[in-house]
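Report on the structure given below.
The values are calculated or read from the model by the stated rules, or taken from the named source; none is laboratory data. Small disclaimer: the values here were computed from a predicted structure and weren't measured. So basically every Cβ, Gly included, is an ideal-geometry build from the backbone, and we count neighbours across all protein chains shown. These area figures cover heavy atoms from the full protein model, side chains too; ligands, DNA and RNA do not enter into them. Shrake-Rupley method; radii C 1.70, N 1.55, O 1.52, S 1.80 Å.
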Amino acid sequence: MTGQGARRPMVLVIAAVALVGAGGLVGIRLTGGDKSSRPAGPGHTSTSTVEAAGQPSFGLESSPPVSPPPVSPPPRADDVTFYDFIGGLRLPRSAAAGPAHLDGFLASGFARSRIGSVLAAINIAYRTAGTLGESVWRPTIERQVIGDNRTALLAAAQREGRQDMPGPGERIAGSDSRIIGWQLESYSQDTAMVRYLLLLIQAKGQPLLAAVRVEVRWVDDDWKVVAPSGGDWRNAGSQVTDTAGFRMLAQF
């Protein structure tokens, strides 16, 4: 398939992976083919992105189906539950692996372990999202993101994000996606490469899976996220067809 129809699934993937911090384009239009679509500007949510009911508009009638999660999923990670965060997000945490501290809007205090690195990657990357408000993305990027592309990530949040936080009950675009699993591509006591798995349900009920790659490093007694290439989380994501190789997270 060529043309706009072929591009639509990947546009949705980009919107999903942009949600992590997926934020420079958390407000991206979820319908395909419109190159002029822009993130929601500071202080508001784009009306072209969110339906009146507060849910993203997918518009993927011609999208090809993808394989659903297997009937018998891989083993689930133990001791991980989900907690509610602003913007309609639900993020994972563990009593043993962290985050041990949810101070203000920051998440810190992760175990120096495999699951600790995974939980740090997800919790910190999500908080770099421009649509969560400056009180969230600025301290997260300034204190918990490292690497050559941190400046670019901060500049993107300043340019494309919002200053105020989502109000009570407000859902940011893409918040209906679910974090369902994770994979460690590499791990040591000092650095880890994490992939976490997102599930979105398309307009006709078809599942779409996207994986986001996040590097973390142990610095100053906690995990820090390495800013993505170009300061753009879209460069870290890709569509996947099944859950093979991922460890699943129980949904609470």
### Query
Can you give the FRET efficiency for Tyr83 and Arg143, using 1/(1 + (r/R0)^6), R0 = 22 Å, r = Cβ-Cβ distance, to the nearest 0.05?
0.60
### Task
Can you check what the net charge comes to around Leu106, using other residues whose Cβ is under 9 Å from the Cβ of Leu106 (Lys, Arg +1; Asp, Glu -1)?
+1
### Query
When ranked by the protection proxy of mean other Cβ atoms within 10 Å per residue, highest first, what sequence do the peptides 110-116, 243-249 form?
110-116, 243-249
#### Entry: Sum of side-chain charges, Gly161 neighbourhood, beta-carbon under 11 Å (Lys, Arg +1; Asp, Glu -1)
0
### Task
Please report, as a whole percent, how much of the solvent-accessible surface of region 172-218 comes from carbon and sulfur atoms (probe radius 1.4 Å).
46 percent
### Query
What net charge do the residues around Trp137 carry, taking every other residue with its C-beta under 13 Å from that of Trp137, with Lys and Arg at +1 and Asp and Glu at -1?
+2
#### Entry: Cα gyration tensor category, rounded, prolate or oblate, for region 88-164 with a/c compared to 1.5
prolate
### Query
To the nearest 20 debye, what charge dipole does region 81-217 have about its Cα centre, counting +1 at the Cβ of each Lys and Arg and -1 at the Cβ of each Asp and Glu?
260 debye
### Query
Which shape class applies to region 106-230: rounded if a/c is under 1.5, otherwise prolate when a/b exceeds b/c and oblate if not, where a ≥ b ≥ c are the square roots of the Cα gyration tensor eigenvalues?
oblate
### Message
Under a crude label model (7 Å from the Cα following the beta-carbon direction), how far is Glu170 from Glu185 in nanometres?
### Response
3.5 nm
### Query
Full extension from Met193 to Asp220: what is 0.36 nm times the residue separation minus their Cα-Cα distance, to one decimal in nm?
7.9 nm
### Task
Find how much the distance from Lys204 to Ser229 grows on full extension, using 0.36 nm per residue of separation minus their present alpha carbon separation; answer in nm with one decimal.
5.7 nm
### Query
Taking Cα centroids, how far is region 131-150 from region 173-252 in Å?
18 Å
### Query
When the dipole is taken about the Cα centre of region 156-252, and only Lys, Arg (+1) and Asp, Glu (-1) are charged at their Cβ, what size is it in debye, to the nearest 20?
380 debye
